[in-house]
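Below: the structure, in structure tokens.
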Amino acid sequence: QVQLVESGGGLVQPGGSLRLSCAASGIIFPIYGMAWYRQAPGKQRELVAHIARDSSTNYPDSVKGRFTISRDNAKNTVYLQMNSLKPEDTAVYYCNAHWLGTDYWGQGTQVTVSS
């Protein structure tokens with residue numbers, strides 16, 4: 001049984017930071033590409049960070065320089081460090097694991113950026 005369990009979301013003021021974690025079980029974690037997506041109310045789900053199994057990373061321009069994705073294969077965990085948060089970063093953040101066309105998703109964690 002595959003499980004992706006996100007944690008670390010919450011309420012933060014603009015300019016603040018949060019670190020999300022996603023603990024994976026039931027998969028051979030090192031061979032999976034991992035990603036974080038987000039979905040704001042009324043909007044489509046969008047990619048915010050991707051880390052390949054060789055730990056190469058990529059980000060959309062909207063978060064580049066502010067968000068950092070990393071992985072710890074020994075702990076089967078992927079992280080998303082979010083700095084300089086803006087109100088438009090408010091969304092539910094989802095963890096994704098993918099390999100050869102197979103996708104798994106976490107249940108999501110709410111991030112709210114507001115004063």
Top positive-direction residue, dipole computed over the chain with Cβ charges, set MET34, GLN1, TYR59:
TYR59
Highest-MSF residue in the chain out of ASP72, ASP89, ASP54 [GNM, Cα springs under 10 Å]:
ASP54
Give me the distance in nm between label points sitting 7 Å out from Cα along the Cα-to-Cβ direction at SER115 and SER84, one decimal.
1.8
Accessible surface ranking that places the most exposed of GLU6, GLU46, GLU88 first, with a 1.4 angstrom probe
GLU88, GLU46, GLU6
Over segment 20-95, equivalent-ellipsoid semi-axes from the Cα gyration tensor in Å
22, 13, 11
Run the 1.4 Å probe and let me know the accessible area of TRP99, rounded to the nearest 10 Å².
100
Distance from segment 71-90 to segment 1-28 (C-alpha centre basis), Å:
7
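The values are calculated or read from the model by the stated rules, or taken from the named source; none is laboratory data. Keep in mind the model is a prediction, meaning the values are calculated, not measured. Quick reminder, even Gly has a Cβ in these numbers, built from the backbone with ideal geometry, and neighbours come from all protein chains shown. Ligands, DNA and RNA are stripped out before the accessible areas are found, and what is left, the full protein with its side chains, is counted by its heavy atoms. Shrake-Rupley method; radii C 1.70, N 1.55, O 1.52, S 1.80 Å.
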